[in-house]
Every structure is written in structure tokens, then in C-alpha cells.
Amino acid sequence: MTSWLTKLAPKLLSTDAKKNIPAGVWIKCPECGETLYSKDLDKNLKVCLLCNYHFRLTAEERIEQLFDENSFVEMDRGLLPIDPLKFVDSKKYKDRIKQTMAKTKLNESITSGVGKIKEREVAAAIFNFRYMGGSMGSVAGEKITRVIELALKRRIPLIIVSASGGARMQEGAFSLMQMAKTSAALSRLAQEGIPYISLMTDPTTGGVSASFAMLGDINMAEPGALIGFAGARVIQQTIKQNLPQGFQRSEFLKEHGQLDLILERKDLRDKLTELFGMLLPT
């Protein structure tokens, strides 16, 4: 139920008083158009109180919501991307890296490490979409591979939370090779019976969806998440047919057998605890 502050929002925002309101106090839901009070939204795990739209989270927010308080220890923070191809599009790739780092205060699109979910130790890699659209370059692939190897060494479960536009074009084949590299690491994890749960969030596309994101022992997603390889328009132009309603959304994928579960944010910790207990009993 929305608060009385939320109901007052349209009136407040339609007057000159809005000029005095700090940025970020009110947030408009992109799904239903409701104006939401940001503190109410935060308390609801950044899920719209009216239509249940799941806003995108930063890696920091995901860690705070998912793991026991102060239990997450980040690893490989010092790994930095380079420019192996001296790539230039509208600007030099090396300049784009510097600008993105300065803007986001992040070194790469992946935050990896180990934390606890209801006292169970879990290895994790979490995408941050605000870093170059969560694109997967060489460093992202290396960080994912290292956290997989850590899960194997410690024999602890693994979760990867994907939010990505796919492979990073500025690194060309170096980026595409991360699909094979991470998939090979996951095969070793599977051989040892260490569980891997893949959580796909909005969006999970391109080379990420075509590799480790779809290789979980359990593949799950948040409601309404865009999940696919090529874009819907490209597919439609290629096959010369209209696509069904809801195509590439998590509900459509679950209906067609490509997802095991769709979970709301409020249920994630409980369900992960249950699944890890089933797949890797203590």
C-alpha cells in the first residue's frame, strides 16, 4: 500500500515547490507511471509498491539485500581492464574505461567475493549494469572464473547474479573467449557436485545469457526480467514473423521451460537457503 506521501506526490510535483525538492526524493515507476517516495521504495527492496516492478539494483544494493550483514568480503578488486586491441569507436576505449571508473567508482562490471546467506558461506559474482551496461570483458570473465575456482576449492555453493548487455565489443574476441572460459570452469564445478545457482535480472542478454547465465543447476529470474541473446527486433526481422506477447521476459521463458523459478526479491534469501540445503547438505 502506498503511503500518504506517495499520494501527495503528483500535487507536489505539479507546483513550484518541486524546485526545492532534492533530487532522488521521488522516483517514477517506468512500468506503471506511479510516483514513488524513494524511502518507501527502498524499504520495499526497490520493488514498486503498486505494480511490483523490480527496479535495477547496483551490486552494492544486491549484496546488502542478499547477504548477512557485514559478511561479504570482496575479492580481486585490483584487477583492471586494459585495451588489448587499441580500440576506437566514438572515443578511445582506454578513455572510456577511465571515464566509467571515475563516474561509477567501480573498477569493472563484476563484483565478486564470499559472504554468508543465513549463516551459509556462499561464493558470488554480481554484475553492475551501470558499468558499461554490465558488459563482459576479459577482467569480468577472469573474476567470474576465479570465484568459481574458489567455490570449488572451498566446496561452497556459487551464485551469479547477471545484469548485462553481453560481451564487450571493444575487446573483440578477447571478450567472446570469456564465454568458453567461464563455461569450462563451471563444468569442473558440476563434476565435483558443487551447486551453482544462476539469478538472471533485467537485462540478461548477449554472450552472458549464451554462456554461464543459462548453465545453473537452478536457473531463476526476477519477475519481468528481459532475458535473451539477440534483440527482439533483430529476431523479428530475421524470421519475418511477429513475436508473441511477452517474448524474452522471464515469465515467457519459464512457461517454455528455460527457467526453473521466478522469484520476487523478498523471497530470494529464503529460497536460496532452501535450495543450497537441498543441493549441498551440511
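Overview of results
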{"read-out": "The stretch 87-151 and the stretch 258-280: distance between their alpha carbon centers, rounded to Å", "value": "24"}
{"read-out": "Cross-link table Lys86/Lys181; Lys28/Lys271; Lys181/Lys266; Lys39/Lys98; Lys92/Lys116, entries beyond 28 Å C-alpha to C-alpha", "value": "Lys28/Lys271; Lys181/Lys266; Lys39/Lys98; Lys92/Lys116"}
{"read-out": "Length-normalised contact order for the stretch 56-279 - Cα pairs under 8 Å, 6+ apart - percent", "value": "16"}
{"read-out": "Protection proxy ranking, peptides 135-141, 37-43, average beta carbon neighbours within 10 Å, highest first", "value": "135-141, 37-43"}
{"read-out": "Low-density loop cleavage sites - trypsin sites (Lys or Arg not before Pro) in the stretch 61-129, where at most 11 other Cβ are within 10 Å (DSSP)", "value": "Lys86, Lys91, Lys105"}
{"read-out": "Relative exposure of Cys29, Cys51, judged by other C-beta atoms within 10 Å (fewest first)", "value": "Cys51, Cys29"}
{"read-out": "Reported label for calculated Cα extents along the principal axes in Å given (i) 60, 50, 45; (ii) 50, 38, 35; (iii) 54, 52, 44", "value": "(i)"}
{"read-out": "Loop GluC sites (Glu not before Pro), the stretch 95-150, which have at most 14 other Cβ atoms in a 10 Å radius of their Cβ (DSSP)", "value": "Glu119"}
{"read-out": "Exposure proxy order (Cβ contacts within 10 Å, fewest to most) of Tyr53, Tyr131", "value": "Tyr53, Tyr131"}
{"read-out": "Least to most buried among Cys48, Cys32 (fewest other Cβ within 10 Å first)", "value": "Cys32, Cys48"}
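Where a number appears in this text, it was derived from the coordinates with a stated rule and is not lab data. Everything quoted here is computed from the prediction, not taken from an experiment. Every residue, glycine as well, gets a Cβ built from its backbone with ideal geometry; the counts of neighbours run over all protein chains shown.
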